[in-house]
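One structure is given here, and the rest of the page talks about it.
The values are calculated or read from the model by the stated rules, or taken from the named source; none is laboratory data. Not measured: the values here are computed from a predicted model. So basically every Cβ, Gly included, is an ideal-geometry build from the backbone, and we count neighbours across all protein chains shown. Keep in mind that these areas ignore ligands, DNA and RNA; they rest on the heavy atoms of the full protein, side chains included. Shrake-Rupley method; radii C 1.70, N 1.55, O 1.52, S 1.80 Å.
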Amino acid sequence: MATIQDVARSAGVSTATVSRVLSAPELVAEATRQKVITAVTALGYAPNQAAKMLRTLRTEKILVTVPDISNPFFSQVIRGVEQAAQAAGYSVLLGDTRHEAEREDRYGEMLRRKEADGLIFLGHRLPESLADMVRTMGPRAPIVNGCEFSPGLGVSSAHIDNERAAAEAMEHLYGLGHRRIGVITGPLASPISRDRLTGVHTAARASGHGASLRVETGDFSIESGLARTLALLGEAPKLTALFCFSDEMAMGALEALRERGLRCPQDVSVVGFDDIRFARHLDPPLTTIGQPMDRIGHEAVRLLLDILAGRAEALEQVTLPHSLVVRASTARSA
């Protein structure tokens, strides 16, 4: 196997120059760079990645934690992370925290032990094990949040305007003549749930029908959508529309309507949130708020790479565009 010394002799340069061409080619003159590249190709030289890691203290790995790996929304975001990371020469380590703070902290310790170069977390909590790092390093801490947005976290993030998106979903229903609307939120410990609920109340007040609004708290799952819809129908049987803070909960809501012998959208219109890949294939196809899931993943990686390259001088909060995707699950109120 060729060594770096072999390459240096063949190209007529020092081993330091060979190393510089392979790690920072923009710092080397074009003619010298071409001589080294020609020698590397001819000899089939491959750098020792383990030795490179020890020299640079870089693992070329990104750690990504997700609160629920079974959720199709997160799988799409992770695909965007993987695409962007691979393009930049990084591998992705994935951890499912299952909404458990202890699991989040264990993954945070992996970053502290330098088992990865940076962390992208897709939940709403900063691991306690990394709080000191964020306080000490500020914007230079190699930690980025995807999907959520909370200034109190002290890290850069990529997300949509959840408050505005929820308001648009409600405006759509009010525009169709619905006045008795039920809302199923996600956990209110999550900033995105609180932001969406703020948007709901803003639209309800603007419509003049806030008093008839009914709200139940779910957990983004199909099961909670089913249970909370049944609860809403028991409390307010004359509801004509439902807005669920995730497509999975909307799927549960559709099941609950069928159990009660109600038709969608003839009796009750339903709106979801996320536009996961299954939303258009439901019966009826689901009206929902579309999130750019791939782009959230791409932007989270870009933010982290900027930090790792020393280009991040301040926190950056990237707000990506959302869309209201109207399908057959909503119709004018009878």
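Which of the listed residues, ILE69, ALA42, ALA88, is farthest toward the dipole's positive end in the chain, when Lys, Arg count +1 and Asp, Glu count -1 at the beta-carbon? Going by the Cα projections, it comes out as ALA42. Here the range 204-257 and the range 93-110 have alpha carbon centers that stand 31 Å from each other. Which of the listed residues, ALA206, LEU262, ILE184, is farthest toward the dipole's positive end in the chain, when Lys, Arg count +1 and Asp, Glu count -1 at the beta-carbon? Value computed over the given set: ALA206.
What's log10 of I(q)/I(0) for the chain at q = 0.08, 0.09, 0.14 Å⁻¹, Debye sum over Cα points only, no solvent? These q points yield log10 I(q)/I(0) values of -0.48, -0.57, -1.03.
A simple rule links phi to the HN-Hα coupling: the Karplus curve 6.51 cos²θ - 1.76 cosθ + 1.60 with θ = phi - 60°, which for the range 163-178 gives 5, 5, 4, 5, 4, 5, 4, 5, 4, 4, 5, 5, x, 8, x, 6 Hz, with x for Gly and Pro.
Using only Cα atoms, what is the ratio of the radius of gyration of the range 49-160 to 2.2 N^0.38 Å?
Rounded to two decimals, the normalised Rg is 1.03.
Once the C-beta distance of SER75 and GLU100 is scaled by a Förster radius of 22 Å, the resulting FRET efficiency is 0.70 to the nearest 0.05. Here is the list for the range 242-334: trypsin sites (Lys or Arg not before Pro) lying in DSSP coil, each with at most 14 other C-beta atoms within 10 angstrom of its C-beta, are ARG260, ARG263, ARG277, ARG311, ARG332.
Accessible area of the chain with a 1.4 Å probe: how many percent of it is carbon plus sulfur? About 52 percent, which is the carbon plus sulfur part of the accessible surface. Taking all Cα pairs closer than 8 Å and separated by 6 or more residues, the relative contact order of the range 1-143 comes to 21 percent.
Lys and Arg at +1, Asp and Glu at -1: add these up for the other residues within a Cβ distance under 15 Å of GLY208 and post the number. Result for the local shell: +2.
The charge dipole of the range 28-180, taken about the Cα centre with unit charges on the Cβ atoms of Lys, Arg (+1) and Asp, Glu (-1), comes to about 580 debye, rounded to the nearest 20. Beta bridges assigned by DSSP with both partners in the chain are antiparallel in approximately 10 percent of cases.
For the range 165-317, the gyration tensor built on C-alpha atoms gives a prolate shape. Its axis ratio a/c (a ≥ b ≥ c) is at least 1.5, and a/b is the larger of a/b and b/c.
Remark on THR217: its backbone amide H falls under 5 Å from those of THR185, a criterion applied only to residues 5 or more positions apart or on other chains, H modelled at 1.01 Å from N. Per residue, the solvent-accessible area of the chain (1.4 Å probe, heavy atoms of protein chains only, all protein chains present) comes to 46 Å². Relative to the dominant Cα principal axis of the chain, helix 101-112 is inclined by about 20°. If the segment from ARG113 to GLU30 were pulled out straight at 0.36 nm per residue, it would be longer than the present Cα-Cα gap by 26.0 nm.
For the range 156-229, the relative contact order works out to 39 percent when only alpha carbon pairs closer than 8 Å and six or more residues apart are counted. For the chain, the relative contact order is 17 percent, taking Cα pairs closer than 8 Å that sit 6 or more residues apart in sequence and dividing their mean separation by the residue count.
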